[in-house]
1. Does at least one position in the stretch 86-93 carry a residue that is within 15 Å of residue 15 (Cβ to Cβ), under 18 Å from the mean Cα position of the chain (by Cα) and assigned to a loop (DSSP other than H, G, I, E, B)?
2. For the stretch 281-292, does any single residue satisfy the condition of being out of contact with any helix residue (DSSP H, G or I) (no Cβ under 9 Å at 6 or more places or on another chain), under 23 Å from residue 344 (Cβ atoms) and either touching a residue at least 24 places away in the same chain (Cβ under 8 Å) or part of a helix (DSSP H, G or I) (or both)?
3. Being buried (at least 24 other Cβ atoms within 10 Å of the Cβ), outside any helix (DSSP H, G or I) and touching a strand residue (DSSP E or B) at 6+ places or on another chain (Cβ under 6 Å), is that true of even one residue in the stretch 203-211?
4. Please pick out the residue among 132, 121, 167 that is under 30 Å from residue 216 (Cα atoms), modelled with pLDDT of 95 or more and part of a helix (DSSP H, G or I).
5. Among (1) at pLDDT 95 or above; (2) over 30 Å from residue 337 (Cα atoms); (3) more than 20 Å from the chain's Cα centre (by Cα), there is one condition residue 106 misses while meeting the rest; what is its number?
6. Quick check on my filter: what residues within the stretch 103-133 are closer than 22 Å to residue 13 by Cβ and surrounded by fewer than 16 Cβ atoms within 10 Å (Cβ to Cβ)?
7. In the list 187, 181, which residue meets the criterion of being touching a strand residue (DSSP E or B) at 6+ places or on another chain (Cβ under 8 Å) and modelled with pLDDT under 95?
8. What is the residue count in the stretch 136-164 for residues that are over 12 Å from residue 115 (Cα atoms), in contact with a helix residue (DSSP H, G or I) (Cβ under 9 Å, 6 or more places away or on another chain) and assigned to a loop (DSSP other than H, G, I, E, B)?
């Protein structure tokens with residue numbers, strides 16, 4: 001049997017991950033879920049920037065968008081180019097990121113008409129958009145024209161709730177193995193940019209009444225920190241500036257070339273010299289502002305799930321998983337609360353691993 005071509009696009013509110021495969025080797029590419037509109041007649045101002053592999057230019061309904069790792073070079077405010085509501089999959093921005101994701105998939109096989117082919121495209125959706133999965137599958141299962149004029153034919157499409165991908169990835173990479181894990185009742189928490197999602201499941205059976213989402217995603221943290229920082233610096237901090245501080249290993253807030261310890265600055269830079277902004281001494285602690293959001297997210301979770309006495313394990317996945325871990329652990333002190341490894345891309349990789357197995361069954365006949 002000819003090897004099946006399986007690809008995955010995990011397009012979330014905050015980041016998107018494209019998973020491709022060569023033999024048994026998975027490769028992935030992660031970038032912001034931002035489609036930056038480009039003014040007509042001004043595309044050439046990039047002076048060849050689109051020749052780089054980290055940015056793709058796509059056209060949706062006559063509007064040109066930039067998509068990719070370097071997309072922040074083409075936006076003044078990242079949040080203006082994001083969609084956080086129920087129109088998510090219907091937006092031009094979603095379609096732009098989707099088409100750009102297909103463009104990033106190299107070495108797709110060709111059919112007899114010269115079109116590229118994907119046998120099964122797996123996709124992730126936030127929990128609060130899962131009611132649109134059939135609509136998304138219908139949109140994906142079609143022929144799509146890429147920016148270079150080539151066509152991609154998607155034979156089958158499969159949409160999965162993003163937290164389930166994190167659970168599967170944890171199971172495949174855990175010492176006890178996926179089969180053992182799927183005999184347990186598990187609560188999987190998935191904080192993202194726009195929402196904080198969770199799934200309660202036994203095996204792959206999801207308990208819908210004990211699964212859900214709330215609005216206390218990372219975007220709320222960025223907003224809270226920006227509000228708290230304004231009287232300190234006299235500026236409306238860019239969300240991207242705060243976002244980078246949260247994700248950086250060394251946790252610094254970079255403003256005007258100065259790097260302040262984050263989320264707490266006690267009047268000194270990391271090298272011990274006085275922390276100044278201009279001539280103004282700087283001290284701040286944004287920990288409480290962050291904690292208020294993560295506590296609100298966790299309180300909403302517990303209101304739905306309950307005290308968890310029937311839950312065997314709690315997993316935390318998604319990009320900002322570490323930021324929410326403490327609040328979740330405090331609400332469930334008797335439970336094992338585990339951080340899913342590679343949490344930023346775990347959902348996408350878990351979905352892809354499941355999709356490979358699903359494709360074998362789907363096309364077995």
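1. Within the stretch 86-93 (the criterion being within 15 Å of residue 15 (Cβ to Cβ), under 18 Å from the mean Cα position of the chain (by Cα) and assigned to a loop (DSSP other than H, G, I, E, B)), the answer is no, since none of the residues qualifies.
2. Yes, the stretch 281-292 contains a residue that is out of contact with any helix residue (DSSP H, G or I) (no Cβ under 9 Å at 6 or more places or on another chain), under 23 Å from residue 344 (Cβ atoms) and either touching a residue at least 24 places away in the same chain (Cβ under 8 Å) or part of a helix (DSSP H, G or I) (or both).
3. No, because not a single residue in the stretch 203-211 is buried (at least 24 other Cβ atoms within 10 Å of the Cβ), outside any helix (DSSP H, G or I) and touching a strand residue (DSSP E or B) at 6+ places or on another chain (Cβ under 6 Å).
4. Only one candidate passes the filter, namely 167.
5. Of the numbered conditions (1) at pLDDT 95 or above; (2) over 30 Å from residue 337 (Cα atoms); (3) more than 20 Å from the chain's Cα centre (by Cα), the odd one out for residue 106 is (1).
6. 131
7. 181
8. Qualifying residue count for the region: 2.
The values are calculated or read from the model by the stated rules, or taken from the named source; none is laboratory data. Predicted model only: the values in this text are computed from it and were never measured. Glycine gets a Cβ as well: all are built from the backbone with ideal geometry, and neighbour counts include every protein chain shown.
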